[in-house]
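The values are calculated or read from the model by the stated rules, or taken from the named source; none is laboratory data. Bear in mind the structure is a predicted one, so any value in this text is a computation, not a measurement. Every residue, glycine as well, gets a Cβ built from its backbone with ideal geometry; the counts of neighbours run over all protein chains shown.
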Amino acid sequence: MQHHREMITGLGGLALFTQTWRPDGAPRGIVLLAHGVGEHSGRYEHVAAYLVERGYAVFALDHRGHGRSEGRRASVRRFDEYVVDLRLYFEHIRACEPEPPVFLYGHSMGSIIALRFALLYQSELAGLIITGTALHPHLPVPRALVPVLRLLARVAGAAKIVPAIELKGLSRDPAVITAYRTDPLVYHGRLRLGWSTEMYRAVTEVNRLLPALRLPCLVLHGADDPLTLPAGAGAVRARAGSTDLTVRVYPGLRHEIHNEPEHAQVLGDIAAWLDAHTAAPQGEGGCASLT
């Protein structure tokens, strides 16, 4: 397996950290990964290794304000800044890898970024994978207060007043919780009000536009996810316009289904779906400038 790291330029000149895991030969497909809030792409190294063994190249970035990328931690002025950054990275990838089909894979907040991206550029994608989608997030405040919080965010968007993620909701594996808690690249504090209201705005917009989603789509969720409710997977099942739609909810699993004790089953389901939507690789591919 080859592993490359690189800094690219995102929206507004921000430096974004990216990394690639790829097989030694030509990949049968590309998986472009968008991680969740507060975390970073390095937490998906085992996911990438699993997919590389099956012939896929995995490209991932740390979103602005996350991991090794620049920007105020877990902060964004407009949610679509994430989407623009992802588009710039997508174009960078396509300059190096113009042929293999690209599948977009988003987890949690990353699923909303991926859905927003797919709704804009679905003709350029071969498929979409979303896990733990935040289409129905657990709200730490009454829904009736959301309009008030939006007004407050205009003057106090940087305020850290939204409760932090409850770690026990991530996984039933104590080692996963310990690794998350001690990871210096993970943001552990309260969420900023401005970020939270932008996230809610993006979720509302994606829910409204789901009927326009026509890509092949795989939706996976944990039935016991207390952070982003399984109703999000149900919303995609009920409203997405895709005629090639697979939805699976795993009994007993929490938010990070790829980090649960049953992660091998989850990753196997992802790989099997990818295999069913790709052909054998052709040519060599690759980008000599990546180091």
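Here's the yes/no breakdown for (1) free of Cβ contacts under 8 Å to residues at least 40 places away in the same chain; (2) buried (at least 19 other Cβ atoms within 10 Å of the Cβ):
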| position | (1), (2) |
| --- | --- |
| LEU170 | no, yes |
| ALA175 | yes, no |
| ASP183 | no, no |
| VAL206 | no, yes |
| LEU213 | no, yes |
| ASP225 | no, yes |
| PRO251 | yes, no |
| HIS255 | no, yes |
### Task
May I ask you to say which residue of SER69, SER41 is at pLDDT 95 or above, buried (at least 24 other Cβ atoms within 10 Å of the Cβ), out of contact with any Lys or Arg (no Cβ under 7 Å at 6 or more places or on another chain) and polar (S, T, N, Q)?
SER41
### Flag for ASN259 being polar (S, T, N, Q), touching a residue at least 40 places away in the same chain (Cβ under 8 Å) and under 19 Å from SER41 (Cα atoms)
yes
### Message
Given the condition crowded, with 22+ Cβ neighbours inside 10 Å, touching a strand residue (DSSP E or B) at 6+ places or on another chain (Cβ under 7 Å), in a helix (DSSP H, G or I) and not hydroxyl-bearing (Ser, Thr, Tyr), answer yes or no: does some residue in the stretch 23-31 qualify?
### Response
no
## Note on the structure
For the stretch 86-118 the number of residues that are assigned to a helix (DSSP H, G or I) and farther than 29 Å from LEU170 by Cβ is 6
### Message
Going by what's in this entry, would SER75 be described as modelled with pLDDT under 95, small (Gly, Ala, Ser) and closer than 18 Å to TYR187 by Cα?
### Response
yes
### Query
Out of the stretch 51-65, which residues are out of contact with any strand residue (DSSP E or B) (no Cβ under 9 Å at 6 or more places or on another chain) and either part of a helix (DSSP H, G or I) or buried (at least 23 other Cβ atoms within 10 Å of the Cβ) (or both)?
GLU53
